[in-house]
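Q: Provided herewith is a single structure, encoded as structure tokens, for subsequent inquiry.
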């Protein structure tokens, strides 16, 4: 009986990240393509485990080298169909708004459809850049078992911390970034 309950709990958890319809709060335009278009900037250092990877920017479709530039970076793995990603989107946006001048944030729309991902970003008012990764190269390279996930990447491309479970808050992102990067965010 215990095994059946454990299996049922695991299926319920996995179902949270396979929902095809957006949760409340996600504004999907009724007609036409989404208008969300935040440009990306190419990084200068490849990420440990990911290597020299170039992906299309979700916003403007420009080829983008995935990696940090002159600041440490939080790589946020998300998808429109992932329930926990929907819950975390406002938390990540709040972190970016408060600390984006000290720590870069790069979203990675993972195993998604481009227009649906853009609608998700638009619905949540995301102002940080995201790249489009339909083949999950970043998630696989980082060794993150599923979504959501975050990698805290130093300027040299080494991964200082990896968070691979749901429930991230702005406060927990600040704590992890300060610890991983030796910063005092203000």
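Laboratory data are not the source of any read-out in this text; all were calculated from the coordinates shown. As the structure is a computational prediction, the values presented were derived from the model and not from experiment. Because the Cβ atoms are built from the backbone with ideal geometry, glycine has one as well, and the counts that use them run over all protein chains shown.
Q: At q = 0.11, 0.13, 0.16, 0.20 Å⁻¹, what is the log10 ratio I(q)/I(0) for region 101-184, with the Debye formula run over Cα points and no solvent?
A: Log-scaled intensity ratios, in q order: -0.32, -0.45, -0.69, -1.07.
Q: Could you estimate the translational diffusion coefficient of region 29-181 from the Stokes-Einstein equation, with Rh from the Kirkwood formula over C-alpha pairs, at 20 °C and 1.002 mPa s, in whole µm²/s?
A: So the translational diffusion coefficient is about 143 µm²/s.
Q: So, by mean Cβ neighbours within 10 angstrom, what's the order for 155-166, 93-104 with the highest one leading?
A: 93-104, 155-166
Q: Given region 71-186, what percent of its DSSP beta bridges are antiparallel, to the nearest 5?
A: 45
Q: Still on this model: For 64, 35, 127, 170, what ranking results if the residue with the fewest other Cβ atoms within 10 Å of its Cβ goes first?
A: Fewest to most other Cβ atoms nearby, the residues stand as 35, 127, 170, 64.
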